[in-house]
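Reading through the structure tokens given below for one structure.
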Amino acid sequence: MFKKSFRLVFISFLFLSNITFAQKQTSDSSKPLITAKEMIAPGILIGTGMVFINNSTKAEQKEWHTKYLSSFRTHADDYLQFTPQAAAMGLSLVGIKGKNTFVDKGGIIVLGTGIMLGTVFGLKKLTNITRPDDSSSDSFPSGHTANAFFGATVLATEYGDQSVWYTIGGYTVATATGTFRMLNNRHWLSDVLVGAGIGILSAKASYIIYPWIKKQIAPKLPSNVSFVPVYNGYAVTGNLTIGF
């Protein structure tokens, strides 16, 4: 049963990425950034994760891993989790503009990461669920997966209107991250599903909160800031000018 459920969830991840892209294609600047329809994907992920949190599902997963993947190890998930965020920022550096400037995207990512990490580690402390490999009691939810889906949502929000492949690519990498967490015997299926939902919601929350924070802070910032780098042959220095 676990094997069938795993396949179903993997396909669902890719299906949900297409839902996100379709929503962005039909949106315009006059509508709210976050709509009820955009809550469908994270709602399904978190709801399904809670269904699979029962002990019988975990027993099936553990048996399946022991039988087929007891020697499997990879560190790919440690790096893949950061790929969508890196892509979202990197595309700006090569001249491909997203919906926000490079600086604003950075602010959104920093804020959303804080929301995501606070939620993830708060739940880990509250739930105290043992990992599949019995290494610790902070299994629920998956931080790697939450981070990857957070980045994928930022990438889709910034560039999904330009090409469906940005959205599909981001969510495929995020799905691979969650998959490797289970294959490495570090997380239960429920951990990964709920982590994915948290990542998506954290990104959406950041896109709501960041403009308000920027509006509150912007009037207090200097009106003109410039930095001129200087290289003297030995080191890089610079001149910083701040105008009010």
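The values are calculated or read from the model by the stated rules, or taken from the named source; none is laboratory data. The model shown is predicted, which means the values in this text are computed figures rather than measured ones. Methodologically, a virtual Cβ is constructed for each residue, glycine included, from the backbone with ideal geometry; neighbour enumeration extends over all protein chains shown. Surface accessibility is based on the protein's heavy atoms, side chains included, excluding ligands, DNA and RNA. Shrake-Rupley method; radii C 1.70, N 1.55, O 1.52, S 1.80 Å.
Here are the numbers for the structure shown:
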| read-out | value |
| --- | --- |
| Gained length - ILE209 relative to VAL94, 0.36 nm times residue gap less alpha-carbon distance | 38.7 nm |
| Protein-only accessible surface order, largest first, of ASP134, ASP191 at 1.4 Å | ASP134, ASP191 |
| Whole-Hz couplings from phi, Karplus 6.51/-1.76/1.60, listed for the range 100-109; x for Gly and Pro | 10, 5, 4, 5, 5, 4, x, x, 5, 5 |
| Surface share of carbon and sulfur [accessible, 1.4 angstrom probe, percent] for the range 122-213 | 67 percent |
| Average projected area [Cα convex hull, the range 86-171], square nanometres | 6.2 nm² |
| Accessible area of THR172 in the full protein assembly, 1.4 Å probe (Å², nearest 10) | 60 Å² |
| Gained length - LYS37 relative to ALA59, 0.36 nm times residue gap less alpha-carbon distance | 4.5 nm |
| Inter-centroid distance (Cα atoms) of the range 155-197 relative to the range 70-132, Å | 10 Å |
| Paramagnetic reach from THR74 (point 7 Å along Cα→Cβ, amide N under 16 Å) across the range 182-199 | 182-187 |
| Whichever aspartates and glutamates have a C-alpha closer than 17 Å to that of LYS58, once near sequence neighbours (fewer than 8 apart) are set aside | ASP133, ASP134, ASP138, ASP191 |
| Convex hull of Cα atoms in the range 49-122, direction-averaged projection (nm²) | 7.7 nm² |
| Highest to lowest packing among 176-187, 92-103, scored as the average C-beta count within 10 Å | 176-187, 92-103 |
| Added length on full extension, which subtracts the Cα-Cα distance from 0.36 nm per residue, PHE82 to VAL103 | 5.7 nm |
| Exposure rank, largest accessible area first [TYR68, TYR210; 1.4 Å] | TYR68, TYR210 |
